[in-house]
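Working notes, beginning with the structure itself.
We did not get these values from a lab; they are worked out from the coordinates using the rules stated. Computed from a prediction, not measured in an experiment: that's the story for all the values here. When we count neighbours, we look across all protein chains shown, and the Cβ atoms used for this are built from the backbone with ideal geometry, even at glycine.
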């Protein structure tokens, strides 16, 4: 039991069990794609772990928005998920709905890119191409400055996360875009290109 490692398939099944909303599933797939990209970028050993954590991070959001992260912890604990996976997933709500601080690199990346994928998706959708494939970091930065645009996106979390990672914000945006481009079709952002 202690050495159970969830596969991507199991994570996706669990995600679909608790989430019926297409937009939430696409968000999960976007974060999975970006986490996979960062795992490669940072030359991490366990790339599947990064992907699985990205995929499952908002597990409880549709059914239990008031208990976001807490309910995920419950569900994953019952499913015998490894403690370190659960801790990383919970840490993305740090300062918002949990007091679990992002410590490991994987925690910090999840914390940073979760909100950022939302901003990039929104930016892509207002482009003539409706695509993430031709988007440039400067377009995202332009939209960043308009606080009314994608107002639900917490920009200070993204900034704090980039700082934690000791990465330039533009680099974080550029790499997050690359991660999303790899899964453009799955997340509905291939557009008309």
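For a quick check: sort 97, 69 by the number of other beta carbons within 10 angstrom, fewest at the front.
Final ranking by Cβ density, sparse to dense: 97, 69.
For residue 17 and residue 143, FRET efficiency with R0 = 41 Å and r from the beta-carbon atoms, rounded to 0.05?
Calculated value: 0.75.
Run the simple label-point estimate for residue 79 and residue 62 please: 7 Å along Cα→C-beta, distance reported in nm.
The answer from the label model is 1.3 nm.
With axes computed from alpha carbons, what is the tilt in degrees of helix 47-56 against the longest principal axis of the chain, rounded to the nearest 10 within 0 to 90?
Roughly 90 degrees between the two axes.
Which whole-number percent is the relative contact order of the chain (Cα, under 8 Å, 6+ apart)?
25
Can you tell me the 0 to 90 degree angle between the C-alpha axis of helix 22-41 and the longest principal axis of the chain, rounded to 10?
On a 0 to 90 degree scale, this one is about 90.
By counting other Cβ atoms within 10 Å of each Cβ, how are 15, 116, 189 ranked from fewest to most?
Values: 15 20, 116 29, 189 24.
Arranged by neighbour count, lowest to highest, 15, 116, 189 become 15, 189, 116.
Just from its helices, what would the mean residue ellipticity at 222 nm be for the chain, if runs of 4 or more DSSP H residues each count -39500 (n - 2.57) and the sum is divided by every residue, rounded to the nearest 500 deg cm²/dmol?
Calculated at 222 nm, the ellipticity per residue is -18500 deg cm²/dmol.
Using bins 5 angstrom wide from zero, how does P(r) for the chain break down, in % of all Cα pairs?
Reading the bins upward from 0: 1, 8, 17, 22, 22, 16, 9, 3, 1, 0, 0.
Taking only Cα atoms and a 10 Å spring cutoff, compute GNM fluctuations for the chain and point out the largest among 67, 146, 181.
Residue with maximal mean-square fluctuation among 67, 146, 181: 146.
Using the basic label-point model (7 angstrom from Cα toward the beta carbon), what is the residue 3 to residue 136 distance in nanometres?
So the two model labels end up 5.2 nm from each other.
What is the distance in Å between the Cα centroid of the range 171-187 and that of the range 1-73?
16
Arrange 36, 23, 147 by Cβ neighbour counts within 10 Å, fewest through most, would you?
Details: 36 22, 23 12, 147 9.
By the 10 Å Cβ count, ascending, the order reads 147, 23, 36.
What residue among 118, 179, 152 has the largest mean-square fluctuation in a Gaussian network model of the chain, using Cα springs under 10 Å?
Most flexible of the set in this elastic network: 152.
I'd like the orientation of helix 155-165 relative to the chain: the angle between its Cα long axis and the longest Cα principal axis, in ° from 0 to 90, rounded to 10.
Taking the Cα atoms of the chain, the angle to 155-165 is about 70 degrees.
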